[in-house]
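**Q** Below you will find the structure I want to go over with you.
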Amino acid sequence: MNDRIQQLLNQMSALEDDLRTALNEQPSTMFFQIKGKRVEFEQSIKETHRRLKRNFFRWLVTDRPQNLITGPIIYAMIIPLVITDIFITFYQLTCFPIYGIKKVRRGDYIIFDRQQLSYLNFIEKFHCTYCAYGTGMIAYISEIVGRTEQYFCPIKHARKILSTHSRYAHFLDYGDAEDYEAKLEQYRQALGKEK
């Protein structure tokens, strides 16, 4: 990897860290605090949320009909998600210790906090819980697979990829064979030292 690309990757990483910090500081302007797993809003915000909540029957009448019709299709996707969740978790629990790869913390990716929003009715909270599980699961799987790829084959593809996991940008260039085995071992060692 040439110096210019490495410099850009370092800048991107620093900007991502700054963005995460800014996003974590932002909630303080929304009048809530996180206490453990519980989110607590100021009393005035709680009252506003309760006033804005649509009851179930009003929500049912005003919701788009296509959302109700396609609901069973959407929720049927829970079956492959749960099966994949079981298999990927089993894979990580059994193989990562053998490879010396630090395990991915599921709680860093699957976050259930939207049900604490009092302006959502119980159906909306159910939807939010399902979406949090689905998108969190995909991110969790991506990180597990990304660590696996870093262990076995940290090489970029010859063709451009539309979207990649966070580790991909630091992989070896396609066709860069010089000291491949030594570099591969460095990638593997780094996996065991992650936070």
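**Q** Going Cα to Cα from Lys35, which aspartates and glutamates come in below 13 Å? Please leave out same-chain ones fewer than 8 positions away.
**A** Asp113
**Q** Ser13: net charge of surrounding residues, Cβ under 12 Å, Lys/Arg +1, Asp/Glu -1, itself excluded? Kindly include the intermediate steps, with their values, before the conclusion.
**A** On the way: positive: Arg20, Arg167; negative: Glu16, Asp17, Asp18.
Spelling it out: positives minus negatives among the neighbours equals -1.
**Q** Which residue, Lys37, Lys103, Lys156, has the most motion in a Gaussian network model of the chain that connects Cα atoms within less than 10 Å?
**A** Lys37
**Q** Where does the charge balance sit around Ile101 when Lys and Arg score +1, Asp and Glu -1, over other residues with C-beta under 14 Å from its C-beta?
**A** +4
**Q** Now a separate question. What residue among Ser118, Ser163, Ser142 has the largest mean-square fluctuation in a Gaussian network model of the chain, using Cα springs under 10 Å?
**A** Looking only at Ser118, Ser163, Ser142, the largest GNM fluctuation is found for Ser163.
**Q** Under 24 Å between alpha carbons, and skipping anything fewer than 8 positions from Lys183 in its own chain: which lysines qualify?
**A** Output for Lys183: Lys102, Lys103, Lys156, Lys160, Lys193, Lys195.
**Q** Can you figure out the FRET efficiency of Arg188 with Phe87, using R₀ = 22 Å and their beta-carbon distance, to the nearest 0.05?
**A** Working from the Cβ atoms, E equals 0.40.
**Q** Using 0.36 nm times the number of residues separating Thr164 and Leu117, minus their current alpha carbon distance, what extension gain do you get?
**A** So the extension gain works out to 13.7 nm.
**Q** At a Förster distance of 41 Å, what's the computed FRET efficiency of Ile45 paired with Tyr99, Cβ-Cβ distance as r, to 0.05?
**A** Efficiency at R0 = 41 Å is approximately 0.30.
**Q** What order, most packed first, do the peptides 78-87, 129-138 have when packing is the mean number of other Cβ atoms within 10 Å of each residue?
**A** Details: 78-87: 12.1, 129-138: 15.5.
Ranked by mean Cβ neighbours within 10 Å, highest first: 129-138, 78-87.
**Q** Which listed residue (Ser118, Ile74, Ala190) has the Cα farthest towards the positive end of the charge dipole for the chain, taking +1 on Lys and Arg C-beta and -1 on Asp and Glu C-beta about the Cα centre?
**A** The one lying farthest along the dipole's positive direction is Ser118.
**Q** Among Asn121, Asn67, Asn55, which one moves the most in a GNM of the chain with springs linking Cα atoms closer than 10 Å?
**A** Asn67
Rule-based calculations on the coordinates, nothing more; no lab input. Worth saying up front: this structure is predicted, and the values here are computed from it rather than measured. Every residue, glycine as well, gets a Cβ built from its backbone with ideal geometry; the counts of neighbours run over all protein chains shown.
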